[in-house]
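What follows is a set of notes on a single structure, which appears directly below.
The values are calculated or read from the model by the stated rules, or taken from the named source; none is laboratory data. Source: prediction; values computed, not measured. Glycine also receives a Cβ, built like all others from the backbone with ideal geometry; neighbour counts cover every protein chain displayed. Heads up: the accessible areas ignore ligands, DNA and RNA and are worked out on the full protein's heavy atoms, side chains in. Shrake-Rupley method; radii C 1.70, N 1.55, O 1.52, S 1.80 Å.
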Amino acid sequence: KTTNASRTIMHFSYDCAPKQLYDQNLIEQAKSTMSQSQYDREFGAIFTDDSSGYFKISKMRDCSVEDGMNPCIEVKGDPHSKYILSFDPSWAESESSDDFAMQIIKLDNDKSKNSLRGTLVHVYAVAGGRLRDHINYFIYLLTNFNVVCIVGDYNGGVQFFNAVKESSKFKSSDIKINLIETEFDNLEDYQKSLRLAKQEFSAEGVPCCLRKPTSAWIRRANELLQASFDHKRIWFAGRAIDDNYQSQRKKKIPINQLKFLSSCEEEDQSEGAKMIDFVEHQYEMMNYTKSQCALIEVKTSPQGTQTFDLPLTLKRTTGPGKARKDCYSALILGNWMIKIYYDITEFKQEQVNSFVPMFIK
């Protein structure tokens, strides 16, 4: 049967519609719980071509290496390159918990301030994994990448390192970790902190800094990451294709011992098939990290304290598919450690002329 009916789809703001079409209580609730950008999209029909979070997706896209170009994702590091390992631990063994996140950032050999400073080349993020699997992956990273510095969240980091040191696999390895006690919070005494940290870095073992997340540091670290995106000092590795893909796929690593997916996603596979999935998984983790950063919003309390977190509506979600920000947290730590590491290595202690006695005739 043919009709003369016509249809149309219209995008318009709620305040242009008759009041009978919407619930005023819903509008008021959305105003109090949603961010301004979310509210504009959901109720104001205002759409932009960029993310409205603190970190712009366009900036991160500009800091992403093109597919097939170097540096690409890595499952085993270059022995001649230097890497920073950052981590944000999570202890709950539930698939609806936060991710246990670990990241590897490859440092650039050129120390020019205007050049590439670091590239994220490897990401681990598993929710609900067992502690022994996290420890096993941590040791895999330390033995397959030339890690010159480790940085982690103090809340949980101390407990994690105590568990690592008690593991039989760590005891049987020749890995040594040197915990750094120098604080970098007092900006007025920053040069003094660098001098003390340089002495600690010279001790035996991989230096490790466990960062206490104070509100002042969180603000500075987020501003530093935003500036790193703006000035292209932190990059995301590209997809490994062609020769790079074959090179990464053929790397000799203990792939059968690694758990890099949640338990519901694990499958029985051959070593070759699992290696292919592992290489592809690393590129997916690059996009996963960028998407977490794009969701972060900044809010200011009446007391003037700034918080950087997921939108309230996303924080309320539960279940295995809930929104998370642990890769973002690990990237914040890693980017901060890039600056600290370069400042320490480039720090030159001033020579102090000591008193030399002499005889007067």
(message) Taking R0 as 41 Å, what FRET efficiency do you get between Lys165 and Gln306 from their Cβ-Cβ distance, rounded to the nearest 0.05?
(response) 0.70
(message) Using the crude model of +1 on Lys and Arg Cβ and -1 on Asp and Glu Cβ, and no other charge, please compute the dipole size for region 122-171 relative to its Cα centre, in debye to 20.
(response) 180
(request) Per DSSP H run of n ≥ 4, the term is -39500 (n - 2.57); total these for the chain, divide by its residue number, and report the mean residue ellipticity at 222 nm rounded to 500 deg cm²/dmol. (result) -12000 deg cm²/dmol
(message) Largest first, please: the extent of the C-alpha atoms of region 103-246 along each principal axis, to the nearest Å.
(response) 43, 43, 31
(message) Given N residues in region 163-267, what is its alpha carbon radius of gyration divided by 2.2 N^0.38 Å?
(response) 1.52
(request) Could you work out the local net charge near Leu331, counting Lys and Arg as +1, Asp and Glu as -1, over the other residues with Cβ closer than 11 Å to its Cβ? (result) 0
(request) Just grab the label-to-label distance for Ser58 and Ala92, each label 7 Å out from Cα along the Cβ direction, in nm (one decimal). (result) 3.7
(request) Determine the order of Glu188, Glu271, Glu181, Glu280 by accessible area, beginning with the largest, at a probe radius of 1.4 Å. (result) Glu188, Glu181, Glu271, Glu280
(message) Can you tell me the orientation of helix 131-144 relative to the chain, as the angle in degrees between its alpha-carbon axis and the longest Cα principal axis, to the nearest 10?
(response) 60
(message) Return the equivalent ellipsoid semi-axes of region 184-332 as a descending list in whole Å, where each equals the square root of 5 times an eigenvalue of the C-alpha gyration tensor.
(response) 34, 24, 15
(message) With a 1.4 Å probe and all protein chains kept in place, how do Thr8, Thr289 rank by accessible area, largest first?
(response) Thr8, Thr289
(request) Quantify, in whole percent, the carbon and sulfur part of the accessible surface of the chain (1.4 Å probe; protein heavy atoms only). (result) 49
(request) Could you please put Trp336, Trp91 in sequence from largest to smallest accessible area, using a 1.4 Å probe? (result) Trp91, Trp336
(request) Sticking to Cα atoms, compute the Rg of the chain to one decimal and its Dmax as the biggest Cα-Cα distance, whole number, in Å. (result) 24.3, 125
(message) Counting heavy atoms of the protein chains only and a 1.4 Å probe, report the per residue accessible area for the chain as a whole number of Å².
(response) 56
